[in-house]
Amino acid sequence: MSTTLFANARILDGTQDHAVEGHVLVEDGRIKEVSDKPIASSARSIDLRGRTLMPGLIDAHVHVIATEVNLARHALLPDALVAFRSAKIMREMLMRGFTTIRDLGGATEGLRAAREEGHFDAPRMVICGKAIGSTGGHTDGRGRWDSREMHWLEQRLGCLGRIADGVDAVRRACREEIKAGADYIKIMANGGVASPTDPIAFLGYSKEEMRAAVDEARMAQTYVAAHLYTDEAIARAVECGVWSLEHCNLIEEATARAAAEAGCIACPTLVTYQALKDEGASLGLPPASVAKIDTVRLRGLESLEKMRRAGLTMAFGTDLLGEMHRHQSEEFVIRGRVLPAIEVIRSTTMHAAKLLRMEGQIGVVAPGAYADLIVVDGDPLKDLSLLTHQGTHLPAIMLGGRLVKDQLSA
Ligand SMILES: [Zn+2]
């Protein structure tokens, strides 16, 4: 693989409060050297002339197989159609500067293998296989009058989740997902917007079931991520040993402090509620779901402030569905309304890397890390919207040492 030298960069990865001037040498897909003095090398040199160089962005909550908004209907789509659409969704994420994604339900080892074989350009993938939920919970798309068995639906690529009721079934589901390649376990421990019969306050799993999932994850040297909105649901999950707290829109400060003390990481996903509010109904979101949006949307920004005051680490997530994926980078701007820009940057670099258990590998501009890098025209600390507009302000994107976008070389 070729070598590349980024000269005269303003390096911004969140390890300091500001960007630092420097030069970065890339070799064999990794960052080889970072120096404040010019690096002598025969590598192809790209003079950044003071442009910002950041680690590739990390989105720690996506669903790459969610190619339409109505998830119940989506589960019936043919696998081949879903796979090709997912590849397109991932490529578009990469072109927005996201070089790593964590999928929270739906992505498979098969998709990851296809990516690794080079059939399409896509971010690095961290996956959980199917999300695991209870009957009537957030993975149950069947609706009141539909009592058909879920098993055949759960085989479909277009189905984000599976159902497991009771401790033994939860253990078995965890084991099956881990066997199939899951890097961690995702459970649905609260009601959700996109599912038809679970009010937001629905608790989803008993403590015994959650503890069983946590135990299985620990046995596999990994962790549990849980879908959570209400303060009660979050407090129970923390008590049961869940580490990755998704959404957290209705969290209160005491629970946020308990979560911080337990070393948990939260992954808010505010942009999806705005997108659902603006476009959900017109894109086919059923009325029962539309009615639930504001319950979680209206307190989103407040939740960020509460978690910040409590010292709870927050990673960057988006959770978008179907055509709404194009709003992915707007999460930066939404968070920037209440959080300092540097904290927003850290959510997509060091904090997300920690949540993905890839610290030192991604989310940092340092020797030994993957050469996943983006060049930004301007200073994102002054204007987070430079990260929006589908990569317009990103003249170069590098993935594992390969330039997948390059408007800078002569
Ligand atoms: Zn999600």
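Here are the numbers for the structure shown:
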read-out: Under 15 Å, Cβ to Cβ, from residue 69 - net charge with Lys/Arg +1 and Asp/Glu -1; value: 0
read-out: Whole-Hz couplings from phi, Karplus 6.51/-1.76/1.60, listed for the stretch 110-122; x for Gly and Pro; value: x, 5, 5, 5, 5, 4, 5, 6, x, 6, 7, 7, 7
read-out: Residue 382 versus residue 262: modelled label distance in nm, points set 7 Å from Cα along the beta carbon direction; value: 4.3 nm
read-out: Rounded to 10°, Cα long-axis angle of helix 167-179 versus longest principal axis of the chain; value: 30 degrees
read-out: Net charge of Cβ neighbours under 13 Å - reference residue 201; Lys, Arg +1; Asp, Glu -1; value: -1
read-out: Net charge, residue 252 excluded, C-beta distance under 9 Å - Lys, Arg +1, Asp, Glu -1; value: -1
read-out: Total lysine pairs under 16 Å (Cα atoms) in the chain, excluding pairs fewer than 8 apart on one chain; value: 5
read-out: Helix 79-95 axis, angle to the chain major axis (alpha carbon atoms, nearest 10°); value: 40 degrees
read-out: Degrees between helix 207-219 axis and first principal axis of the chain (Cα, 0 to 90, nearest 10); value: 40 degrees
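Throughout, read-outs are computed from the coordinates displayed, never taken from laboratory work. Note that this is a predicted model, so its numbers are computed, not measured. Backbone-built Cβ (ideal geometry, glycine too); neighbour counts: all protein chains shown.
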